[in-house]
Amino acid sequence: MKKILVVILAIVMVFAFAACSSGGDEPEASGGDVVKVGFIYIGTTNDGGYTQAQHEGTMALEAAMEGQVECLIVEEVAEDKKAVTDAAVNLIDQGCSVIIGTSYGFQDALIEMATSGDYADISFLHFSGNELADNYGNYFGAMEEPRYLSGVIAGKMTTTNKLGYVAAHPYTEVNIGINAFTLGAQSVNPNVEVDVIYIGSWYDPANEKLAAERLLEQGCDVITQHADTTGPQIAAVDAGAWTIGYNLDNSSNPELASAYLTAPIWHHEVFLVPTIQSIIDGTWVPEAYYGTMADGYISLAPLTDNVSEEAKAEVDKVQDTIIKGEKKVFTGPIYDNSGTLKVAEGESLDHDGIWSIDYLVQGVKASNIN
Amino acid sequence: MKFTPAITQRTGLSTRQSVTYRAIAILLSVVGTGLVLMLFGLNPVRVFGAIIEGSMGTPIRIHQMINSAIPLVISTLGIIVAFKMKFWNIGGEGQIVMGAFGAAFVAYRLPDLPQPLLLLLMAVAAAAAGALWALIPAAFKAKMGTNETIFTLMMNYIAILFVTFLQYGPWKDPARAGFPRMPDFSPNAVLPNLFGNNIGWVIAMILTAFVYVFLSRTKKGYEITVVGESPETARYAGMNIPAIIIVAMAVSGGLCGLVGMIQASAIEKTLTATISAGYGFTAIITAWLARLNAIVALFVCVVFAMLVQGAAFIQLSLGVPAAVAGVVQGTILLFILGSEFFIQFKVRLPERRRRTV
């Protein structure tokens, strides 16, 4: 008897759900002219760094093109073809005609889809990487510029002359940042040394913090990072050291206020808004976009009050020359950390030269977390 | 006063009764999930509808669903063979990874072989590598009676770290400028498609039939079941128990190894340390849900893949956070697996003292 009772009860409840649902149902608005843009993220939109910066660009795009563009997002997608393809196909299934991948490891899956012929009517945009196709463009920024400036600040602020750098992979993009930071620091403080720990992941809150703690133990008093979360920044706060973030301006976070100096940051909407507009207008030509500080695509976040007046004055001066194009970050003489001359005096690297860097400059000591 | 409920093994539960219990479980899972969704302020009927629509609504969604089902079905078959013998193979993940490694080894060494031959060799290498990885704990169990649960679990980490080492070290693609990724396979090493999905779905159906026949119609399959039910009976009947353990685990690991080959060849087109994507663990759940029956497993895995694809769909279409989609899956499983307990065991609450009227 009891069993039958349970069954009946269950059915009654199901019907109760059905009943209360009828009120809440609203047909989905399917605006005819709205272009759906699908974003694929590696982390969460509140990671305090990389993905949050991406998502702020996404929201700025939606705000700037209200009524024309609707953005859909998939968070926490692994850098595997299965995960990326699933996310992209599900977004296309939802009506997205533009797919935007935002992590280097998404490139293989997306270029494969773009060139397969099955998705010829979809426009693909990819943040970072080097692939191009008829319906696939990539975009990135000259992060070496604000990185260099953040190095100037670190070089001025350190008293131990040891700077700590939590890095993701020993990949070109990361090494460009390490080198630019080091050159900036050395430009104001020739005795400075940069200690790097590679954690082998873009996004790993625990290991990011652990690596920073190790660097602090080794005597580093300024911590910066090429990794996605606030882990290194928290470690610096705990140790009473300085921190320079990355991707996103966290200066308003009260928990980081005591240690935060600045961060090299992205303004993705500067690229996204005109590009999506050109896709809508049918004038889009896939390109390899490389935004600079002069373009406003990247910048050094406003300096906090923790930064000394002397450092502020120095940064303002150098920033001005970079934006005007008078100062190139990678200008010789540049030696690698085995002492070999890589860029001769008077020469400077252009975009292609920078992106073929396969060394760390003199003054950098790198190790892996494991 | 004691309030401990008495739990006793059930005997002679009729088919009708167990079907009723399962039906109740499914209903309760729907109700329970509905309550959870309402807690999150979501409309349960709309979410359930979206899960079904999201997994079956368009050809794209069906293809996506089948793509998720293929590795799950074959992993589940592998787990079933081991579990039938009550050999708790928690090492599916590692066997999948080693299978993918075996396939990749062949794909990188002989990239220019004709496609059918290359794929066949990759499959053989994958099955052999997966089987070998399962045979190590099997041999220890057969010879020394070690605990296979811990042993197979630990073998996962060795396999994953081994492939991670290759990915970050000797097998890293130098063309990637330092990014840890292995080179893509040659086109000949990629499984072809049939009706929009990689041919793995045909392999999965064939293997389902194979495992069903193997377990229920062959002498070895019967022996595996007997060893699982009662090793004493098996010994008394003169069965060679170590040999049976070895054969069963070779089949189990070989099947998991094939999953690695299919995923590496058809989906990733390269080897990655994350290739197993949890299939080896999920397969334990689906194997139980299927009551270790290969044919039933095929359907259970398809339903499971619908849940996975449906969960991805509701995140996009209804803006449901990823965590809630996970809670939905977990709640459904809790009820359905929970019902198995009540089918196997009788639970009697302690009797209250009778009130005198």
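The values are calculated or read from the model by the stated rules, or taken from the named source; none is laboratory data. None of these values were measured; they are calculated from a predicted model. Here the Cβ positions follow ideal geometry from the backbone for every residue, glycine too, while neighbour counts run over all protein chains shown.
Starting from residues that are of a type outside the set (Gly, Ala, Ser) and in a loop (DSSP other than H, G, I, E, B), keep the ones in segment B:311-353 and report whichever is farthest from the chain's Cα centre (by Cα).
So the first thing to find is which residues in segment B:311-353 are of a type outside the set (Gly, Ala, Ser), and the list is B:313-316, B:318, B:320-321, B:324, B:327-329, B:331-337, B:340-353.
Next, only the ones that are in a loop (DSSP other than H, G, I, E, B) stay: B:318, B:320-321, B:349-353.
On the way: B:318: 29, B:320: 26, B:321: 25, B:349: 35, B:350: 38, B:351: 41, B:352: 44, B:353: 47 Å.
Ranking the qualifying residues of segment B:311-353, first place goes to B:353.
Tally up the residues in segment B:98-123 that are farther than 22 Å from residue B:193 by Cβ and free of Cβ contacts under 8 Å to residues at least 40 places away in the same chain, please.
Qualifying residue count, segment B:98-123: 3.
Filter segment B:136-188 down to the residues that are crowded, with 20+ Cβ neighbours inside 10 Å and of a type in the set (A, V, I, L, M, F, W, C) and list them by number.
B:138, B:142, B:155, B:159, B:163, B:179, B:182, B:185
Can you pull out every residue in segment A:86-118 that is over 15 Å from residue B:316 (Cα atoms) and either in a helix (DSSP H, G or I) or facing another protein chain (nearest Cβ under 7 Å) (or both)?
Result: A:104, A:105, A:106, A:107, A:108, A:109, A:110, A:111, A:112, A:113, A:114, A:115.
With respect to residue A:135, determine if the residue is more than 11 Å from chain B (Cβ to nearest Cβ) and of a type outside the set (A, V, I, L, M).
When the stated conditions are applied, residue A:135 passes them.
Where residues in segment B:264-275 are within 11 Å of chain A (Cβ to nearest Cβ) and farther than 15 Å from residue A:79 by Cβ, which of them is surrounded by the fewest Cβ atoms within 10 Å (Cβ to Cβ)?
My answer is B:266.
May I ask you to list the residues in segment A:160-198 that are surrounded by fewer than 22 Cβ atoms within 10 Å (Cβ to Cβ), more than 14 Å from chain B (Cβ to nearest Cβ) and closer than 30 Å to residue B:168 by Cα?
Those that are surrounded by fewer than 22 Cβ atoms within 10 Å (Cβ to Cβ), more than 14 Å from chain B (Cβ to nearest Cβ) and closer than 30 Å to residue B:168 by Cα: A:162, A:193, A:195.
For residue A:78, state whether it is facing another protein chain (nearest Cβ under 10 Å) and among the hydrophobic types (A, V, I, L, M, F, W, C). Step through it out loud before you land on a result.
Working: facing another protein chain (nearest Cβ under 10 Å): yes; among the hydrophobic types (A, V, I, L, M, F, W, C): yes.
Yes, satisfied.
Of all residues in segment A:230-256, how many are among the polar types (S, T, N, Q), buried (at least 21 other Cβ atoms within 10 Å of the Cβ) and either over 22 Å from residue A:172 (Cβ atoms) or free of Cβ contacts under 8 Å to residues at least 12 places away in the same chain (or both)?
So the count comes out to 4.
Among the candidates B:71, B:114, single out the residue that is more than 13 Å from chain A (Cβ to nearest Cβ) and either within 24 Å of residue B:331 (Cβ to Cβ) or out of contact with any Pro (no Cβ under 9 Å at 6 or more places or on another chain) (or both).
Testing whether each residue is more than 13 Å from chain A (Cβ to nearest Cβ) and either within 24 Å of residue B:331 (Cβ to Cβ) or out of contact with any Pro (no Cβ under 9 Å at 6 or more places or on another chain) (or both) leaves just B:114.
Here are some residues: B:66, B:80. Which one is assigned to a helix (DSSP H, G or I), outside the structural domain of residue B:185 (by TED's automatic domain parsing) and among the β-branched types (Val, Ile, Thr)?
On the way: B:80 fails: outside the structural domain of residue B:185 (by TED's automatic domain parsing).
Only one candidate passes the filter, namely B:66.
Hey, residue B:256 hits all of (1) more than 10 Å from chain A (Cβ to nearest Cβ); (2) more than 23 Å from residue B:333 (Cβ to Cβ) but one; which does it fall short on?
Every condition holds for residue B:256 apart from (2).
Is one or more of the residues making up segment A:7-14 within 13 Å of another protein chain (Cβ to nearest Cβ), more than 20 Å from residue A:247 (Cα to Cα) and at pLDDT 90 or above?
Quick first cut of segment A:7-14, residues within 13 Å of another protein chain (Cβ to nearest Cβ) only: A:7-14.
Next, from what is left, pick out any that are more than 20 Å from residue A:247 (Cα to Cα): A:7-14.
If we keep only those that are at pLDDT 90 or above as well, we get none.
No, the conditions are met nowhere in segment A:7-14.
Filter segment B:154-208 down to the residues that are more than 26 Å from the chain's Cα centre (by Cα), more than 13 Å from chain A (Cβ to nearest Cβ) and of a type outside the set (Phe, Trp, Tyr) and list them by number.
Answer for segment B:154-208, where residues must be more than 26 Å from the chain's Cα centre (by Cα), more than 13 Å from chain A (Cβ to nearest Cβ) and of a type outside the set (Phe, Trp, Tyr): B:170, B:186, B:188.
Would you point out the residue of segment A:62-85, among those that are among the β-branched types (Val, Ile, Thr) and under 23 Å from residue A:112 (Cα atoms), that is surrounded by the most Cβ atoms within 10 Å (Cβ to Cβ)?
Ranking the qualifying residues of segment A:62-85, first place goes to A:84.
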